[in-house]
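Okay, so here's the structure we're looking at.
The values are calculated or read from the model by the stated rules, or taken from the named source; none is laboratory data. Because the structure is predicted, anything quoted here is derived from the model rather than measured. Positions of Cβ are generated from backbone atoms using ideal geometry, with glycine treated the same way; all protein chains shown enter the neighbour counts. These area figures cover heavy atoms from the full protein model, side chains too; ligands, DNA and RNA do not enter into them. Shrake-Rupley method; radii C 1.70, N 1.55, O 1.52, S 1.80 Å.
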Amino acid sequence: MLQLAKDTGEFQETCSQNAEADITPDGLAKFDLVMFYTSGNLPISGDNLDYFLNKWLHEKGHGFIGFHSATDTLKDDELYRGIVGGTFNGHPWGAGGRVTIAVHDPSHPTMSAFGSSFEIQDEIYQYNHWEPTKCRVLMSLDMEKTKVKRPYHVPVAWCKQVGKGRVFVNNLGHREETWRNESFLRSTLAAIHWAVGNSTGDATPNPDVSAAQDQHSKQFATPSIAAK
């Protein structure tokens with residue numbers, strides 16, 4: 001991310017591992033966007049987390065982006081997981097394998113770099129607390145073309161409107177190579193602009209896509225797995 005900021009000159013970034021000091025009203029006043037690449041419980045007080053997610057994020061021009069393990073962060077906090085949209089529930093698709101990703105909204109600025117489908121080597125999560133009626137799913141694991149199959153929808157990226165603020169979440173990012181992938185970097189830069197309101201892109205929930213992907217996944221899962 002620091003290299004992307006340097007190479008493009010399109011945003012300034014502060015990189016920190018001190019959430020306790022930075023996720024505060026005074027700390028957040030310096031920024032338009034917060035990005036998490038985190039895991040586990042963070043030392044953010046309840047009041048500060050409530051301010052961050054219930055007030056700061058709801059303001060126009062503010063955004064939150066979560067990559068990969070951001071969904072394995074604060075898993076017991078109902079407020080956070082309601083914002084991030086899903087919580088880590090294992091990764092049958094390990095970092096050593098390749099998967100095919102189906103892009104559902106290639107016209108969305110955060111997705112245009114990927115086209116309608118692409119293959120990548122990365123670790124893919126499955127989720128608890130996935131709420132399709134509150135998210136616009138942008139891309140999913142394509143069970144037809146992926147070796148490890150499961151009989152349910154596995155979203156890979158999604159977005160949502162939170163008050164006047166915006167949220168973008170992308171499962172990708174486990175492998176270092178992903179952070180050098182040109183399509184991923186173009187998507188990330190577009191997500192930054194979208195999250196702070198510099199570009200348009202629909203955030204209307206599309207639960208019909210999740211339902212269709214669920215049926216698609218069941219169709220291609222092996223009978224022994226589908227029966228469980």
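May I ask what percent, to the nearest 5, of DSSP beta bridges between residues of the chain are antiparallel? List each step's numbers first, then the result.
Details: 21 of 31 bridges.
Percent antiparallel among DSSP bridges in the chain is about 70.
When the Debye formula is applied to the Cα atoms of the range 13-101, each taken as the same point scatterer, what base-10 log of I(q)/I(0) results at q = 0.14, 0.15, 0.16, 0.25 Å⁻¹?
-0.52, -0.59, -0.66, -1.44
Mind ranking 149-156, 49-56, 177-184, 65-72 by how tightly packed they are, going by the mean number of other C-beta atoms within 10 angstrom, highest first? Please list the in-between numbers first.
On the way: 149-156: 21.2, 49-56: 18.0, 177-184: 15.4, 65-72: 22.8.
Going from most to least packed, we get 65-72, 149-156, 49-56, 177-184.
Can you list the HN-Hα couplings for the range 36-44, worked out from phi with the Karplus curve (6.51, -1.76, 1.60; θ = phi - 60°), rounded to whole Hz and with x for Gly and Pro?
So the Karplus estimates, Gly and Pro as x, are 10, 10, 9, 7, x, 8, 9, x, 9 Hz.
What are the principal axis extents of the Cα atoms in the range 123-220, in Å, biggest first?
Principal axes ranked by extent give 40, 33, 20 Å for the Cα atoms.
Roughly what would the spin-label model give for Glu176 and Lys60, points 7 Å off Cα along C-beta, in nm?
Calculated label separation equals 4.4 nm.
Ignoring any ligand, DNA or RNA, what whole percent of the accessible area of the chain comes from carbon and sulfur when the probe is 1.4 angstrom? Each step should come with its number before you reach the end.
Details: 5130 of 10850 Å².
That share works out to 47 percent.
Cross-link candidates for Lys149: which lysines have Cα within less than 24 Å, leaving aside residues fewer than 8 places away along the same chain?
Once the sequence-local lysines are set aside, what remains near Lys149 is Lys218, Lys228.
Grab the Cα-Cα distance for Tyr37 and Thr200, subtract it from 0.36 nm times how many residues apart they are, and report the gain in nm with one decimal.
Working: separation 163, 0.36 × 163 = 58.68 nm, distance 2.45 nm.
Difference between extended and current length: 56.2 nm.
What spacing in nm lies between the two simple spin-label points modelled at Leu4 and Gln161, each 7 Å away from Cα in the Cβ direction?
Going from the Leu4 label point to the Gln161 one covers 2.4 nm.
Would you calculate a helix-derived [θ] at 222 nm for the chain, using -39,500 (n - 2.57) for each DSSP H run of n ≥ 4 and dividing by the full residue count, to the nearest 500? Don't skip to the end; give the middle numbers.
Numbers: 8 runs with 63 residues, N = 228.
That calculation yields -7500 deg cm²/dmol at 222 nm.
I need the Kirkwood Rh of the chain: take the reciprocal of the average 1/r across all distinct C-alpha pairs and report it in angstrom. Walk me through the intermediate numbers first.
Numbers: mean 1/r = 0.0560 Å⁻¹.
About 17.9 Å, per the Kirkwood formula over Cα pairs.
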